Amino acid sequence: MVVFPSILSNDGAINPLKFKTLINALLASALTICLPVQATTMPTDKQKANGITAFVNVNVVPMDKERVLEGQTVVVRDGRIAEIGAASKVKIPHGATRIEGRGKYLMPGLVDMHAHLYAWNETPLYLANGVTTIYNLNGRPVHLAWRDRINRGELLGPTIYTCGPTIRRAERADEARRMVEEQARAGYDSIKIYNNISVEAYEALIETARQHKMLIVGHIPRAPGLEGVLKAKQSIAHAEEYVYTFFKNNVDDESRLPEAVAMTRDAGVQLTLTFVAFEHIIQQVESLPALIAKPEMRYMAPWVRAEWSPGSNPYNSRFDADGLVKLKKSFALQKKLAKALHAAGVRIVTGTDAMNPGVVPGFSINEELQHLVALGFTPFEAIQAATSYPAEFLAGAGEFGTVTTGKRADLILVDGNPLQSVANIERRAGVMTRGRWLPETELRRMLEDVPAAYARDEQFVKTKFETDTASVLRFLDEQDPYGSLANKVVTDIINAQGYAQYRKIYDQLRKNYPSATLVQENAVNALGYRLLGLDKKKEAIEIFKLNVEAYPQSANAYDSLAEGYMLDGDKELSIKFYKKALEIDPNFSNSIQMLKKLEVKNDEAQQN
């Protein structure tokens, strides 16, 4: 494949004039969103004109308390629930679309409180599983554009609440305030806080976010620790964060469980467990082929599925037998913690870490609900964690999350009582999002269109690189927030012309367009792992070295470089860079585990 011919001169150097044209086109993408035209993205003229729907003689599960209202008619007008009452008394408006509800149950739409929206093509997966709202925990400008167009009715998708880009490191208060101010001006709903935040910076992040009325979620930063996070009343994104911080990675110590529970209860902090993500990590270590063979995997982008498969999967080769034992012990400790937190009245909400390797958007919410029930939640409590509780956090109690007059019409119609079994939520007759009714037949069609949509995207990128490079890069910037498809394209560049040619392009993009997806830390890191999966270890190491050069304060960048050297057989450099990762983040769990493994092996080799 000819790579970047529209910006390269005959000698292989970047043509400054053509490059400037490309950059101007990329900058224009911040103002222009050109989603592929698909039948599933736009409401039809009939649906726009006729804004009234009536669910007739249906059993309502309002989720304001544990009850079922039998034989009701629910009228939806202009995206809101306009009337609820006995079917014998409610007059169905003239021209309303009638949906027969006899024997069925109408409940609120579900919320995934920990999602990562990699591509627009993932949105049908959420709707097809009854997820009508998502909390996107690592945002980019395109997420703001999608959010606003969904809110205006121009796109069909789940309602999006989004954090800005994850705040991974901050040392000074002024630095922290600047980060939040920038995200507030951009229009993000929330900030997400990661590990390497000083106490001073953390306090500034919290204070500034509150001044701007932004939501706050994240890991437990290592410096303030659990006590600091609870004092700040920050929502916690994973149960596993307790293990890394409060329990100091001691997965055999259950003695501090009561203390952790009491502290969390007294603080009134909300927790997302993301158990489906942690369980899938274990499965990727233990039985990856079985996980990849699950039917819903066919709805993932082929390049994502390839990254999750044997040979490329980031977890499969990371843990040995001892590491797997520790993972299982950690999960057992998390379950005991979650069960005790729930018994103590701590508010737990459903989040799946969708698009973490192995976690398929939409489908994962049903698995998370089953985890809650296994912990001892009643079906009502589990559904509450996926409906009214998230709604109160995201928008206040008045906007959505219950089947109540005046609420946004985000609804699921199912064939069995969900209060008897959460499995009945999967027996859908249809889903309504913002008043738009999608019968199950349409949801299935939307779902089946997803693989073809990815194929179109990939074909466009492949065929247009030579003739319209700027459009391709603009498309990637608008459709590929985390650089997943871009990394596949860049892999082809390296395969065709080598790392040196890629480095020239990277340097120019980083200098002239530093916000481009192609040069972001996560995207470059993912490229390195893609190359490892293709057994191109030398090229992968160069990519990881490039990321360390660009992001010298990232423990994850050094950890990846160490892994590259380890897989290439250079134990000395691997140990060096795992240690460097721990200098930046002493609690970086993968570096801790791998360093123990490598140093033990080195000791054994010296003894022999």
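The values are calculated or read from the model by the stated rules, or taken from the named source; none is laboratory data. Everything quoted here is computed from the prediction, not taken from an experiment. All Cβ positions, even for glycine, are placed from backbone atoms using ideal geometry, and neighbour counts span all protein chains on display. The protein model used for the area step is the full one, side chains on, heavy atoms only, and it has no ligands, DNA or RNA in it. Shrake-Rupley method; radii C 1.70, N 1.55, O 1.52, S 1.80 Å.
Structure notes:
- Helix 173-186 and the longest principal axis of the Cα set of the chain meet at an angle near 50°.
- Solvent-accessible surface (1.4 Å probe) assigned to Arg77 amounts to roughly 110 Å².
- Using the Cβ of Ile543 as centre and a radius below 15 Å, the other residues enclosed give a net charge of -2, where K and R count +1 and D and E count -1.
- Percent carbon-and-sulfur accessible area, the stretch 175-274, ignoring ligands, DNA and RNA, probe 1.4 Å: 46
- Accessible surface ranking for Ile292, Ile150, 1.4 angstrom probe, highest first: Ile292, Ile150.
- Each label was represented as a point 7 Å from its Cα along the Cα-to-Cβ direction; for Arg98 and Lys213 these points are 4.3 nm apart.
- Beta bridges per DSSP, both residues in the chain: antiparallel share near 50 percent.
- The stretch 367-373 - phi-based ³J(HN,Hα) in whole Hz, Karplus 6.51/-1.76/1.60, Gly and Pro as x: 5, 5, 4, 5, 4, 4, 5
- The loop-placed GluC sites (Glu not before Pro) in the stretch 81-164, going by DSSP, that have at most 16 neighbouring Cβ atoms within 10 Å of their Cβ come out as Glu154.
- Taking the C-alpha atoms only, the angle from helix 571-584 to the longest principal axis of the chain is near 50 degrees.
- The label-point distance for Asp148 and Gln459, in a model that sets each label 7 Å from Cα toward Cβ, rounds to 3.3 nm.
- Extension gain, Lys248 back to Glu175 (0.36 nm per residue minus Cα-Cα distance, nm): 23.5 nm
- Accessible surface, per residue, of the chain when the full set of protein chains is kept, probe 1.4 Å, Å²: 39
- Relative contact order of the stretch 460-554, taken over Cα pairs closer than 8 Å and 6 or more residues apart, is 24 percent.
- In order along the stretch 348-359, the phi-based Karplus estimate (6.51 cos²θ - 1.76 cosθ + 1.60, θ = phi - 60°) of 3J(HN,Hα) comes to 10, 10, 7, x, 10, 6, 3, 6, 4, x, x, 9 Hz; Gly and Pro are listed as x.
- Relative contact order (percent, whole number), the chain, Cα cutoff 8 Å, 6+ residue spacing: 16
- For Ile99, the residues whose amide H sits under 5 Å from its own are Ala54, Phe55, Val56, ignoring neighbours fewer than 5 places away on the same chain, with H placed 1.01 Å from N.
- Shown in residue order for the stretch 497-503 are the 3J(HN,Hα) couplings computed by the Karplus curve 6.51 cos²θ - 1.76 cosθ + 1.60 at θ = phi - 60°: 10, x, 5, 4, 5, 4, 4 Hz (x for Gly and Pro).
- Between the beta carbons of Glu448 and Ala397, assuming R0 = 45 Å, the FRET efficiency works out to 0.75 to the nearest 0.05.
- Placing a label point 7 Å from the Cα of Ala344 along the Cα-to-Cβ direction, the residues of the stretch 239-263 whose backbone N falls under 17 Å from that point are 239-248, 253-263.
- In Å², nearest 10: area of Phe331 left accessible to a 1.4 Å probe: 10
- Extension gain (nm, one decimal) between Lys328 and Thr441, 0.36 nm per residue minus Cα-Cα: 36.7 nm
- Amide H contacts under 5 Å for Lys104, placed H, 5+ residues apart: Asn59
- GluC sites (Glu not before Pro) lying in DSSP loop within the stretch 503-608, provided at most 15 other Cβ fall within 10 Å: none
- Antiparallel bridges, percent of DSSP beta bridges restricted to the stretch 45-121 (to nearest 5): 65
- The share of accessible area on the stretch 370-447 that comes from carbon and sulfur is 50 percent, using a 1.4 angstrom probe.
- A simple charge model with +1 on the Cβ of Lys and Arg, -1 on the Cβ of Asp and Glu and nothing else charged puts the dipole of the stretch 355-454 at about 260 debye relative to its Cα centre.
- Contact order normalised by residue count of the stretch 363-434, Cα under 8 Å, 6+ apart, percent: 26
- Which label in (i) 26.1, 89; (ii) 24.7, 87; (iii) 30.8, 97 gives the computed Rg and Dmax of the Cα atoms in Å: (ii)
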